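Chemist: Provided herewith is a single structure, encoded as structure tokens, for subsequent inquiry.
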Amino acid sequence: YHVELEYKEPSKAAFTGRVYLLIDGGTRNSGILPAIIGRVQDRVVLIGEESGSNVTTSTGGVRLELVLPNSGLRFKIPVQKQLIDADLDQPRDSGLQVDQYIEQDPYELAKGNDSVYDAVRMLINEYR
């Protein structure tokens with residue numbers, strides 16, 4: 001499904017189950033688009049933390065690269081803006097909200113305990 005195209009019936013062999021998608025503050029710009037599409041189509045359970053981009057615009061694609069002459073410091077500036085027109089039941093100037101909030105505990109992760117992984121496995125088992 002694309003906002004400018006006609007709806008196309010999925011193949012009979014298409015996966016019809018629930019999709020679990022992990023997002024957090026590092027999910028931003030064009031990376032947030034699959035989560036938004038999944039949310040609009042009611043196909044995903046969003047798990048983790050609020051996305052790093054708002055739900056109305058994202059940047060990506062073409063970038064302008066600048067290198068400062070004296071320091072050699074390099075900047076890559078996105079110059080393409082994407083407008084997202086999705087019907088979401090949330091503030092449009094915030095990041096995409098998750099269905100199940102799970103925050104990674106860096107101290108536990110350092111000990112080899114992945115709290116997000118454990119919580120996602122538990123959620124998947126609940127939905128079966």
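The values are calculated or read from the model by the stated rules, or taken from the named source; none is laboratory data. Source: prediction; values computed, not measured. Methodologically, a virtual Cβ is constructed for each residue, glycine included, from the backbone with ideal geometry; neighbour enumeration extends over all protein chains shown. Heavy atoms of the whole protein, side chains included, go into the accessibility calculation; ligands, DNA and RNA do not. Shrake-Rupley method; radii C 1.70, N 1.55, O 1.52, S 1.80 Å.
Chemist: What's the carbon and sulfur percent of the range 79-125's accessible surface, probe 1.4 angstrom, rounded to a whole number?
Modeler: Numbers: 1750 of 3530 Å².
Of the solvent-accessible surface of the range 79-125, carbon and sulfur hold 50 percent.
Chemist: Pick out, from Pro10, Ile47, Leu68, the residue whose Cα sits farthest towards the positive end of the charge dipole of the chain, with +1 on the Cβ of Lys and Arg and -1 on the Cβ of Asp and Glu.
Modeler: Among Pro10, Ile47, Leu68, the one farthest towards the positive end of the dipole of the chain is Leu68.
Chemist: Counting only DSSP beta bridges with both residues in the chain, tell me the antiparallel percent, nearest 5. Please list the in-between numbers first.
Modeler: On the way: 9 of 16 bridges.
Roughly 55 percent of the DSSP beta bridges within the chain come out antiparallel.
Chemist: Provide the per residue accessible area, probe 1.4 Å, for the range 68-128, rounded to a whole number of square angstrom.
Modeler: On the way: 5030 Å² over 61 residues.
That works out to 82 Å² for each residue.
Chemist: Treating the beta-carbon of each Lys and Arg as +1 and of each Asp and Glu as -1, no other charges, what is the dipole magnitude of the range 33-128 about its Cα centre, to the nearest 20 debye? It would help to have the intermediate numbers written out before the result.
Modeler: Working: 10 positive and 15 negative charges, 118 e Å.
Approximately 560 debye in magnitude.
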